[in-house]
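Here is the structure we will look at.
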Amino acid sequence: MSAVAAIDVCALLMVAEMTQLSICMPSNRPWARSRNAIESALAYAERTGARLIVSDNSRDPEKRAQLQNLSPHLHYHYSPSEDASGNWMEVLSLVDTPFLLPMGDDDELHWVDGKVPVDLARLPADVVGVRPQTQIWTADAGVLRTETFAIEAASPAERLLEFTRKVMSNNSIYYSIYRTAAFIPLFRLFVTAHPTNGGYCDWSLSMSLFAAGRVIHDPSFIYRYDLGGWDKEEAILQSKRSLYERAGLPADADKFVSLLNFLDVHIFTLRSSLSLAAADRNEVLLTNGSIAMSAFLRDVRERPGDYDEVVCYLAELIEAERDIQSIFQLAVLLADCVKPGLKDGYVRFFQSAQAA
C-alpha cells in the first residue's frame, strides 16, 4: 500500500469512528444545478466531522468525475435507481450513524460561527430530532424568513397539536436531524407500502416522527430551503397539481389532502417500530382525527359542490361516528372517491404497517 493510500484509509477510519451524523442527499440534478448544495453540505461535514452521502442518479459524467474520491467525509454512490423513492432507499441503505439529516440537492447547509452545537451523543432519549435555523429562500427574493420553532410537548398527541399550531405554509422542519432508528423504519414503510409514494406525504411523515419524540432547536447550523415554485399563488396551485399527478392522483386531489393525511398518520401510528404505550397510541389516533379528519369534514360541509354524493354521504356517516377505528374504516372507503382502486392500496398499506 502506498503512503498516500495509507493516509486515505486512516482518514476514512477516523471519520467513521468519530461521526454521529450522516447527511443524506439523493441527487438527480446535474452537477451545474446541484453543486452549491453538495459543496455546502460537504463543507459542513468537514467542519463538524459528519459524513455526506450523495446517492446520484443524474447520469451526469461531470458530476461523477467531480465527486468520486473527493473527500473522506463524502460517500459518493452511483445509484442504479431511476425514481426518487428508490434513490432515497439507496442513500438510506448507506447510513451507519446514529443520526441522519435528509437534504435536497437544491438546498444548502451552513455552519453558524459563535453558536454552540447540540451534542448528539448526549441527547435525551425522548428527543427524536434536532432542527436547524431554517431559511425559507427563493432565487428572486433571497431569504424570506427564518423558522426556528421546536416541538417540545411532553406527550405524543400534544406534539401533534403543537406542530399544527406552529407550522406555517411549508413543512420546512422536515429537514432536520433525526435518530436513524426512528427515521429509516418509517421511511422504509412509506417507500415499500404506501399506495402513492406522493411528495405531499412529508407532512404525515413529520407528524409520525413527532409522535416518536421531541424536536429541539440547534442554532449552530442553517438549512437553506429553496422554496422553488411554492412562493406565488398561481405557481403554488400548479406545483400542487403536478405533485398529485406525479403520485398518480387526480390534479384536483388537494381537496382530499386532509383525508389522505388522516389515513397516513393513522396507519403510520400503528406500526410496531413506533414504541408507544397503548394509551399514548390511542391518544395520537384520536388527536389525528381531531386535526385531519375534522378539517376534511369541514371542507365537505363548506363546499359540498366540490364533492360527489358518495363523499357527502360517507362524510355524514363519519360525522355521526365516535369510534376512531370505525371512522378510519369509513375513511378507507372514501379513498376510492379520490381515485378508483386507492381503497385497496390503503388496505395493503394498513396490513404492512401491522408487521413493520
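The values are calculated or read from the model by the stated rules, or taken from the named source; none is laboratory data. It should be emphasised that the depicted structure is a prediction, and the values quoted were computed from it without experimental measurement. Virtual Cβ from ideal backbone geometry, glycine too; neighbours counted across all protein chains shown. Note: accessible area is taken over every heavy atom of the protein model, side chains too, but ligands, DNA and RNA are not part of it. Shrake-Rupley method; radii C 1.70, N 1.55, O 1.52, S 1.80 Å.
The phi torsions of segment 287-298, fed into the Karplus equation with coefficients 6.51, -1.76 and 1.60 and a -60° offset, translate into couplings of 5, 4, x, 5, 8, 7, 5, 4, 5, 5, 4, 4 Hz, rounded to whole numbers, with Gly and Pro shown as x.
Restricting attention to segment 84-237, close to 60% of DSSP beta bridges with both partner residues there are antiparallel. Between amide H atoms placed 1.01 Å from N, distances below 5 Å from V118 occur with S220, all of them 5 or more places distant or on a separate chain. Length gained on full extension, L70 to A251, computed as 0.36 nm times the residue gap minus the Cα-Cα distance: 60.9 nm.
Between the Cα long axis of helix 257-269 and the first principal axis of the chain there is an angle of about 70°, rounded to the nearest 10.
Once backbone amide H atoms are built at 1.01 Å from N, V127 has R214 as its partners under 5 Å, excluding neighbours fewer than 5 places away on the same chain.
The simple spin-label model puts a point 7 Å past each Cα toward its Cβ; for L237 and R298 those points are separated by 2.2 nm. For the chain, averaging the sequence separation of C-alpha pairs within contact (under 8 Å, six or more residues apart) and dividing by the residue count gives a relative contact order of 16 percent. Its Cα centre serving as origin, segment 19-62 has a Cβ charge dipole (Lys and Arg +1, Asp and Glu -1) of approximately 100 debye.
Ordered by solvent-accessible area of protein heavy atoms (1.4 Å probe), largest first, the residues D106, D83 come out as D83, D106.
A simple rule links phi to the HN-Hα coupling: the Karplus curve 6.51 cos²θ - 1.76 cosθ + 1.60 with θ = phi - 60°, which for segment 245-255 gives 5, 5, 8, x, 9, x, 4, 9, 5, 4, 5 Hz, with x for Gly and Pro.
Compared with the dominant principal axis of the Cα atoms in the chain, helix 31-48 is inclined by about 70°. When the surface is traced with a 1.4 Å probe over the full set of protein chains, S272 keeps roughly 70 Å² accessible. For the set C24, C312, the ranking by accessible area, highest first and with no ligand, DNA or RNA atoms included, is C312, C24 under a 1.4 Å probe.
Can you compute the FRET efficiency between V310 and E39 using 1/(1 + (r/R0)^6), with r the Cβ-Cβ distance and R0 = 56 Å? Round to the nearest 0.05. Approximately 0.60, to the nearest 0.05.
Per-residue Karplus couplings for segment 83-91, computed as 6.51 cos²θ - 1.76 cosθ + 1.60 with θ equal to phi - 60°, are listed in order as 9, 5, 5, x, 5, 4, 5, 4, 5 Hz, Gly and Pro entered as x. Basic side chains Lys and Arg get +1 at the Cβ, acidic Asp and Glu get -1 at the Cβ, and with that the dipole of the chain about its Cα centre reaches some 460 debye. Close amide H partners of S79, meaning residues 5 or more places away or on another chain with modelled amide H under 5 Å apart, are D56, N57. Using a Förster distance of 22 angstrom, determine the FRET efficiency expected from the C-beta separation of A278 and E158, and round it to 0.05. So the FRET efficiency works out to roughly 0.80.
Heads up, I need the accessible area for E152: 1.4 angstrom probe, whole protein in place, Å², nearest 10. In the full protein context, E152 sits at about 100 Å².
In whole angstrom, note down how far apart the Cα centers of segment 133-196 and segment 278-338 are. Between the Cα centre of segment 133-196 and that of segment 278-338, the gap is 24 Å. Within the chain, antiparallel bridges make up roughly 35 percent of the DSSP beta bridges whose residues both belong there. Positive end of the dipole of segment 130-217 (Cβ unit charges, origin at the Cα centre): among L144, G198, I184, the Cα lying farthest that way belongs to I184. Axis of helix 324-338 versus longest Cα principal axis of the chain: the two differ by about 80°, to the nearest ten degrees.
Note on segment 106-206: with charges restricted to the Cβ of Lys and Arg (+1) and Asp and Glu (-1), its dipole about the Cα centre is near 280 debye. Placing unit charges on each Cβ (+1 for Lys and Arg, -1 for Asp and Glu) gives the chain a dipole about its Cα centre, and among S352, P304, L52 the Cα reaching farthest toward its positive end belongs to L52.
Think of the chain as a dipole: +1 on every Lys or Arg Cβ, -1 on every Asp or Glu Cβ, centred on the Cα centre; then among G228, V130, N282, V130 lies furthest on the positive end.
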